[in-house]
Amino acid sequence: MARYLEAKCRLCRREGEKLFLKGSKCYSAKCPMEDRPFPPGMHGQGRRAKISNYGIQLREKQKVKRIYGLQEKQFVRYYKDADKMPGITGTILLQLLESRLDNVVFRMGFASSRTEARQMVRHKHVQVNGTVLNVPSYRVKAGDTVGLTEAAKQHLRVSASVEAAGQRGAPEWLDVDLQQCQGVYREPPVRDQLDPGIREQLIVELYSK
């Protein structure tokens with residue numbers, strides 16, 4: 001599978017906002033968006049050209065892809081699935097993305113970023129209903145219990161993530177026990193519980209052309 005291997009902070013600068021791809025670094029003064037909030041490259045500080053409606057839609061799609069760490073082919077597949085399901089396509093798209101196992105592990109606070117959560121899943125540190133899974137794209141269902149293996153609970157990075165999560169809190173659609181490093185995916189989140197900075201209707205308009 002293709003992966004983005006260059007500096008992730010460049011992606012935030014390209015989109016002009018923090019996408020929180022680097023865990024604790026994104027909350028510190030070391031985040032490049034603090035002192036370089038302009039696009040990367042030698043012309044990044046130049047005069048910005050006016051963006052067309054298509055350009056705005058494209059940038060929104062790219063932003064969401066990068067937040068969840070997906071390639072274009074994967075993202076299109078999620079959109080097609082959402083388009084076939086009853087309801088508001090944009091909201092369903094976000095619900096499908098949020099139900100990914102790597103995202104649920106991140107949301108529960110067991111990892112500092114989605115990239116770290118994906119690595120934990122790949123390395124068989126995550127269980128769903130007591131069964132170890134190593135597929136980051138696994139779609140977690142309402143009522144599923146997600147937890148870490150005993151070996152994973154001993155990792156220092158997990159301990160640091162759990163400590164930070166205790167201060168930050170978990171989303172309303174998850175029941176999380178940080179002491180046991182496990183939680184329950186109660187139900188798909190409603191739109192009000194998701195990132196208000198995402199304009200999913202622009203993505204729907206882009207793919208509907």
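Some notes on this structure:
- Among I88, I203, a tally of other beta-carbon atoms within 10 Å of each Cβ gives an order, fewest to most, of I88, I203.
- Residue order, fewest to most beta carbons within 10 Å, for F106, F75: F75, F106
- Taking each of K73/K124; K63/K153; K61/K209; K63/K124; K73/K209 in turn, the alpha-carbon distance tops 22 angstrom for K73/K124; K63/K153; K63/K124.
- Cβ-defined net charge surrounding Y79, 13 Å radius [Lys, Arg +1; Asp, Glu -1]: +1
- With K and R counted +1 and D and E -1, the other residues having a Cβ less than 12 Å from that of G143 yield a net charge of -1.
- Each other residue within a Cβ distance under 15 Å of F110 adds +1 if Lys or Arg and -1 if Asp or Glu, for a net charge of +2.
Every number in this text was worked out from the coordinates using simple rules, so none of it is lab data. In this text the structure is predicted, and so the values were computed from the model without any measurement. Please note: Cβ atoms are built from the backbone with ideal geometry, for glycine as well, and neighbour counts cover all protein chains shown.
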